[in-house]
Amino acid sequence: MSVEKMQFQAETKRLLDLVVNSIYTNKEIFLRELISNASDALDKLRIESLTNSELAGDDESEIFIVPDAATKTITISDNGIGMTRDEVITNIGTIAKSGTKDFLDKLREASGAAAQELIGQFGVGFYSAFIVADKVELITRRAGTDSAVKWTSDGAGEYELDDCDKNSRGTTIILHLKKEFCGEDEYNFTDVYEVERLVKKYSDFVRYPIKMNFEVKGKPEEEPTIEIRTVNSMKPLWTRPKSEITREEYDEFFKQQLHEWEAPLEIFHVKAEGTVEYTALLCIPKRAAQNLYYSDYEAGLQLYSRHVFIMDKCKDFLPDYLRFVKGLVDSPDLPLNISREILQQSREVKVIGKALEKNIQKQLAKMLKDDRAKYEEFWAQFGKSLKIGVYNSMFDTKLKDSLQDLLLFQTSHEGKFSTLAEYVERMPDFQKKIYVAVGKDSAAIEQLPQMELLRERGLEVIYLTDPVDEFTIDALRNYAEKDFQSITRENFELDDAESQKVKAEVEEIAKTHEDLLKDVKEAIGDNVKEVRLTSRLKSSAVCLVTGEGGPSLSMEKTFAAMNNPLFKATQILELNPNHAVFKKLEGLHERGKDTPEFKDLCTTLYSLALMIEGVLPNNPAEFANKITDLLTK
Ligand code: ADP
């Protein structure tokens, strides 16, 4: 095949524009990215060689970096797995990374600081080369094949592919540096010592030697000789004693190892020598991945045995609710050629996983206790995972017990986040249940008619604003032997004397209004199961509540969004007998239950109650007409 000119896939091109226009403040990171790719390619070669011993040959795995002032280039080579022509097209011409399109769409809408923040979350890997280069050549030969291909691009819309010669396997990337990176400005990536410094800074613990040429000057009259030196120490960070590792070293390690662009929020470095010996170096990233809750998110830890990389994305260590935890496990008790299938059955993996899970739970509890601000930062990103964990642990009371005290909810108490224990601590003696309310955000909940009375009585309410919250609370059922009570469910009542008195009064009124309530129900039809009087309202005329058990209105919405329209909430319309509208209803009822005026008022009240719950009435246009009529009457 001869020269082929090809277009970048649309998303790739947009991302490249972004990179070329250099939104990345740190210009040095391209080196870390390319070294990281080289190291991954060497890992892949090693793993494929396990089943195909002819692939590798006997040359030592290495990464070679050559900065060259004369040609204004820096070249990064590896003798790893390499790529075929097709692999180059799919890996380099296309952005396979999930979430890229979402990211770019969001970025288009954001600007200024918000855009900068978004960008910080997104790694561009190979394309970071275009931060410093105006032309990039990639020459690669797949191990086990004898043809090589050369990819060239200036980072604009196109790239070129051509056959070429390469006498050994692996990949060589030549960056033609923009002139501001050749020493005219702050950076000089053609300078051996500067590049050496960067390799030490970003890639010291890469487990393959990173080699460079150094000029060694002899006597003045002699020509300098060239000496090849390994620049990185290659010592895996996790094998060093914890006390000797600085936070900066950990941060750099995770950025390098996990292709993260930000230092992690929290780090766990665990060594154990019990029945199973292992070291784990784990972290909680600062931000949740864009696709954390989508099926294309790949959770899992890297697995090493005696410091040798075995496999990536090993899902068997941590439970799903800790899917956001990243890092690695190194254990001499796991064999080098273990397969994913055997791993799943492995007793060692189970022992390690259990211990890590416990450890993470303990550290989170500690963070919650000692550093609330940090925990809330964690919660904002990953709280949903733990809540889903509780929900899925419906039949695992042990897990529920260990997670329930890690949960945070926003409550009406100063609008702050609170643990369940803190809520219970503040409960007045007469309060028997934990009150919760569902809404799309705290503002919406605060405006619920049901909130008025609780506010007046000084009773605290937990706000359930995330669709998963209600499911989580359902799964918990109770906390500290106190049941949860939704203020928008039937059978809600307050326990104080004043409320009990109002309740008794309302019950009396109800006795004499049975016909009215029956006729209101008839006018509204089968959408509601029942119409009744309530003592839970103060200045509002109506509210809609859902039956005990079964889905709530917002669960119904969640189910409908998941194409599950069969889960319907049981609706109950409640009327406030102390409201002027109720008197009006009584008046119209006396004139006849079949008059259009009575029927209209009934259906309008029902529509209003729906809207308060954030649900559109069945026929919005008809509802609007009725309101307009009322306004003009
Ligand atoms: P990432 O490394 O996060 O997957 P990159 O954009 O850096 O994203 O690289 C895309 C893909 O290109 C890699 O997943 C890999 O398959 C391939 N690739 C990049 N560099 C090399 C290399 N030096 N050797 C072999 N394959 C490589």
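The values are calculated or read from the model by the stated rules, or taken from the named source; none is laboratory data. Please read these numbers as outputs of a predicted model, since none were measured by experiment. Because the Cβ atoms are built from the backbone with ideal geometry, glycine has one as well, and the counts that use them run over all protein chains shown.
Okay, residues lined up against (1) assigned to a helix (DSSP H, G or I); (2) without any contact (Cβ under 8 Å) to a residue 60 or more places away in the chain; (3) over 30 Å from R306 (Cβ atoms):
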position: G327; (1), (2), (3): no, no, no
position: N359; (1), (2), (3): yes, no, no
position: Q363; (1), (2), (3): yes, no, no
position: A373; (1), (2), (3): yes, yes, yes
position: L403; (1), (2), (3): yes, no, yes
position: L407; (1), (2), (3): no, no, yes
Residue within region 56-67 that is touching a Ser or Thr at 6+ places or on another chain (Cβ under 7 Å), in a loop (DSSP other than H, G, I, E, B), over 21 Å from E194 (Cβ atoms) and not basic (K, R) present: yes
Count of region 164-191 residues which are closer than 26 Å to D43 by Cα and in contact with a strand residue (DSSP E or B) (Cβ under 6 Å, 6 or more places away or on another chain): 9
Qualifying residue in region 81-102 (condition: at pLDDT 90 or above and either away from the ligand (no atom under 16 Å from the Cβ) or at positive phi (or both)): yes
Extreme residue, surrounded by the fewest Cβ atoms within 10 Å (Cβ to Cβ), among residues of region 30-48 that are over 15 Å from T75 (Cα atoms) and more than 10 Å from the ligand (Cβ to nearest atom): E48
Residues of region 329-357 satisfying the condition of being within 25 Å of G383 (Cα to Cα) and in a strand (DSSP E or B): V329
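If we keep just the residues of region 49-80 that are closer than 16 Å to P209 by Cα and among the acidic types (D, E), which is farthest from the ligand (Cβ to nearest atom)?
By that ranking, first place goes to D58.
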Residue in region 507-518 that is more than 31 Å from the chain's Cα centre (by Cα), among the hydrophobic types (A, V, I, L, M, F, W, C) and closer than 22 Å to E422 by Cβ present: no
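Conditions (1) touching a residue at least 24 places away in the same chain (Cβ under 8 Å); (2) outside the structural domain of A444 (by TED's automatic domain parsing); (3) of a type in the set (V, I, T), marked per residue:
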{"position": "I473", "(1), (2), (3)": "yes, no, yes"}
{"position": "K482", "(1), (2), (3)": "yes, no, no"}
{"position": "N491", "(1), (2), (3)": "yes, yes, no"}
{"position": "A510", "(1), (2), (3)": "yes, yes, no"}
{"position": "H513", "(1), (2), (3)": "yes, yes, no"}
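Does E460 qualify as being out of contact with any helix residue (DSSP H, G or I) (no Cβ under 7 Å at 6 or more places or on another chain), in a loop (DSSP other than H, G, I, E, B) and outside the structural domain of F559 (by TED's automatic domain parsing)?
It is false that E460 is out of contact with any helix residue (DSSP H, G or I) (no Cβ under 7 Å at 6 or more places or on another chain), in a loop (DSSP other than H, G, I, E, B) and outside the structural domain of F559 (by TED's automatic domain parsing).
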Residues satisfying the stated conditions in region 122-146, i.e. touching a residue at least 40 places away in the same chain (Cβ under 8 Å), away from the ligand (no atom under 14 Å from the Cβ) and not aliphatic (A, V, I, L, M): D134, K135
Unmet criterion (only one of (1) loosely packed, with under 12 Cβ neighbours inside 10 Å; (2) of a type in the set (V, I, T); (3) closer than 29 Å to D204 by Cβ) for T51: (3)
Which numbered condition L537 fails, given (1) over 29 Å from T595 (Cα atoms); (2) outside any strand (DSSP E or B): (1)
Strands (runs of 3 or more DSSP E) contained in region 120-235 and holding at least 2 residues acidic (D, E): 133-141, 158-164
Positions within region 7-24 being farther than 19 Å from T90 by Cβ and either touching a residue at least 12 places away in the same chain (Cβ under 8 Å) or within 12 Å of the ligand (Cβ to nearest atom) (or both), in sequence order: L18, V19, V20, S22, I23, Y24
Any hit, region 173-192, residues being surrounded by fewer than 22 Cβ atoms within 10 Å (Cβ to Cβ), closer than 26 Å to S61 by Cβ, away from the ligand (no atom under 14 Å from the Cβ) and without any contact (Cβ under 8 Å) to a residue 12 or more places away in the chain: no
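So how many residues does region 254-272 have that are among the acidic types (D, E) and surrounded by 17 or more Cβ atoms within 10 Å (Cβ to Cβ)? Outline the logic, then answer.
Our first condition is that a residue be among the acidic types (D, E); within region 254-272, this holds for 260, 262, 266.
In the following step, the residues that additionally are surrounded by 17 or more Cβ atoms within 10 Å (Cβ to Cβ) were identified as 260, 266.
Of the residues in that region, 2 qualify.
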Qualifying residue in region 570-589 (condition: surrounded by 14 or more Cβ atoms within 10 Å (Cβ to Cβ), free of Cβ contacts under 8 Å to residues at least 12 places away in the same chain and in a helix (DSSP H, G or I)): no
Single match in K27, K44 (criterion: within 31 Å of the chain's Cα centre (by Cα) and in a loop (DSSP other than H, G, I, E, B)): K27
